[in-house]
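One structure below.
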Amino acid sequence: MVEMVPSGPWKEGPMSILIVEDNPTSLRTVEMILQSHGLETITAKSGKLALEKLQNRDDIQLVLSDLMMPDMDGYQLLEELGRNEAWKTIPVIVMTSLSDADTVKRVVQLGCRNYVVKPIREETLLPKVKQLMLEPAGSENPLKAKFKVL
């Protein structure tokens with residue numbers, strides 16, 4: 001079991017992870033993985049609904065988002081997060097079946113902090129969630145360093 005102890009830039013008190021996913025099976029899988037490790041989750045089925053959740057809650061400390069969704073996709077969500085002073089420091093992990101270099105480069109340019117290829121597996125997701133929960137504020141985007149050469 002991976003111990004999840006928020007520190008560094010994380011607020012004291014409750015911490016929630018926003019899962020943005022339109023596929024009910026993928027959504028439930030990610031939710032079960034995180035909840036089994038004692039993490040509180042909030043869900044949204046589109047980027048548009050995710051923005052509503054972010055407006056109504058101040059305890060969201062991490063966003064896990066699919067890219068291909070109705071109404072507002074993950075790319076548009078990343079753009080909106082980057083425009084908002086209150087949200088642009090919230091780390092985002094993109095969860096998608098798209099793994100080509102152009103997609104990864106685009107989401108990194110939009111501020112994505114990490115990337116998980118579907119199908120989502122606990123042993124792949126948890127270390128990335130833990131890394132973002134524990135890294136200090138203002139640290140370099142781990143993906144940006146990898147893709148500077150692209």
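The values are calculated or read from the model by the stated rules, or taken from the named source; none is laboratory data. What you see is a predicted model; the values in this text were computed from it and never measured. Here the Cβ positions follow ideal geometry from the backbone for every residue, glycine too, while neighbour counts run over all protein chains shown. Calculation scope for accessible area: heavy atoms of the full protein, side chains included, ligands and nucleic acids excluded. Shrake-Rupley method; radii C 1.70, N 1.55, O 1.52, S 1.80 Å.
Scan region 36-44 and tell me whether some residue there is loosely packed, with under 14 Cβ neighbours inside 10 Å and closer than 12 Å to residue 17 by Cα.
Within region 36-44, one or more residues are loosely packed, with under 14 Cβ neighbours inside 10 Å and closer than 12 Å to residue 17 by Cα.
Across region 51-65, which residue is modelled with the lowest pLDDT among those that are part of a loop (DSSP other than H, G, I, E, B) and open to solvent by 60 Å² or more (accessible area, probe 1.4 Å)?
Among those that are part of a loop (DSSP other than H, G, I, E, B) and open to solvent by 60 Å² or more (accessible area, probe 1.4 Å), it is 58.
Quick one: which of 82, 74 is small (Gly, Ala, Ser) and under 17 Å from residue 46 (Cβ atoms)?
Being small (Gly, Ala, Ser) and under 17 Å from residue 46 (Cβ atoms) holds for just one of 82, 74, which is 74.
What do you reckon, is residue 64 more than 10 Å from the chain's Cα centre (by Cα) and either farther than 18 Å from residue 130 by Cβ or not aromatic (Phe, Trp, Tyr) (or both)?
no
Which numbered condition in (1) more than 20 Å from residue 116 (Cβ to Cβ); (2) in a loop (DSSP other than H, G, I, E, B); (3) open to solvent by 40 Å² or more (accessible area, probe 1.4 Å) is the only one that residue 48 fails?
(2)
Report yes if some residue within region 96-103 is in contact with a Gly (Cβ under 9 Å, 6 or more places away or on another chain), surrounded by fewer than 17 Cβ atoms within 10 Å (Cβ to Cβ) and modelled with pLDDT under 95; otherwise report no.
There is no residue in region 96-103 that is in contact with a Gly (Cβ under 9 Å, 6 or more places away or on another chain), surrounded by fewer than 17 Cβ atoms within 10 Å (Cβ to Cβ) and modelled with pLDDT under 95.
Take region 66-95 and flag every residue that is of a type in the set (Val, Ile, Thr), open to solvent by less than 70 Å² (accessible area, probe 1.4 Å) and either outside any strand (DSSP E or B) or at pLDDT below 95 (or both).
90
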